[in-house]
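Below is one structure, written out as structure tokens; the observations come after it.
The values are calculated or read from the model by the stated rules, or taken from the named source; none is laboratory data. Here the structure is a predicted model, which is why all the values come from computation and not from measurement. FYI the Cβ positions are ideal-geometry reconstructions off the backbone, even for glycines, and counts take in every protein chain you see.
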Amino acid sequence: MSDEILHEVREGGIAWTTFNRPQARNAMLFPMYQRIQELADEISADPSIRVWVLTGAGGKAFASGTDISQFREFKTAEDALGYEARIDKVLGALENCTKPVIAAIAGACTGGGLGIAGCCDIRICDASARFGLPIAKTLGNILNMHNFARFYALVGPAAIAEMIMTSRLFSAAEAKHIGLVSEVLETPDAVAARAMELATTMTGLAPLTIKATKEALRRLRKATSDVEGDDLVTMCFTSADFQEGVDAFLNKRAPKFQGK
């Protein structure tokens, strides 16, 4: 695989994109998010592509979230809202992509990585996969209302509340039980093979049916997301706790949250 932070292959009607920072558990840099947004538009407009697969290099992580070093300078409400708006555009582009998107997940799928996987149409994983939003344990930040609506529609209020409020990671079996993934395979190689099998099958199906299904589900999710929540985002991102969480993470120590 190349040294590119995103490795892209298009062949036989299938686009295959790999998050390629295995040394950092495929933590997402802002240019990676930006490229995913661009790819969603490109793939929608490319009649030769019928299915898009997203996966992570190395077998240890799909994507472990946003690279936390990028939060060092976050201080203001504008920083917080700008970040959330930026990520929301990326996730919205995935949802708006007219082609079906498969998340082929091995290892950690957390934070922003889980946000990306949650906006895919089909999610499969290996037995080692772990899923979560451990923000109450790491940074002390919060999801915006669009992301709450996405997870509310995907796994329901009880699962998303437990995921955030306990900060524990859900196993592959638990993820299947709550409907977060549709299949659990034994190994990363088995996940890749199954993703290719699914993608190949889907290239032969009626594209307008798939497009209409995606759009119908997107409209239903949107109907539950138009709720004000900027005050919650700014409360968390501009707090002393958030600064403590970033510093603790980057210095490899446990954070000491104070609720202020």
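Considering each residue of region 64-83 in turn, at least one proves to be assigned to a helix (DSSP H, G or I), touching a Cys at 6+ places or on another chain (Cβ under 9 Å) and in contact (Cβ under 8 Å) with a residue 12 or more places away in the chain. Exactly one residue among Ser2, Ser44 is modelled with pLDDT of 95 or more, polar (S, T, N, Q) and either outside any helix (DSSP H, G or I) or in contact with a Cys (Cβ under 8 Å, 6 or more places away or on another chain) (or both), and that residue is Ser44. Looking across region 119-138, just one residue is in contact with an Asp or Glu (Cβ under 7 Å, 6 or more places away or on another chain), crowded, with 20+ Cβ neighbours inside 10 Å and not in a strand (DSSP E or B), and that is Cys119. Restricted to region 208-260, and to residues there that are part of a helix (DSSP H, G or I) and hydroxyl-bearing (Ser, Thr, Tyr), the residue that is farthest from Val51 (Cα to Cα) is Thr234.
For Gly140, the conditions (1) on the phi > 0 side of the Ramachandran plot; (2) free of Cβ contacts under 8 Å to residues at least 24 places away in the same chain all hold with the exception of (2). Quick one: would you say Met196 is at pLDDT 90 or above, in contact with a strand residue (DSSP E or B) (Cβ under 7 Å, 6 or more places away or on another chain) and not charged (D, E, K, R)? The answer is no for Met196. Applying the criterion of being surrounded by fewer than 18 Cβ atoms within 10 Å (Cβ to Cβ) and aliphatic (A, V, I, L, M) to the residues of region 155-168, the residue that is farthest from Leu217 (Cα to Cα) is Met165.
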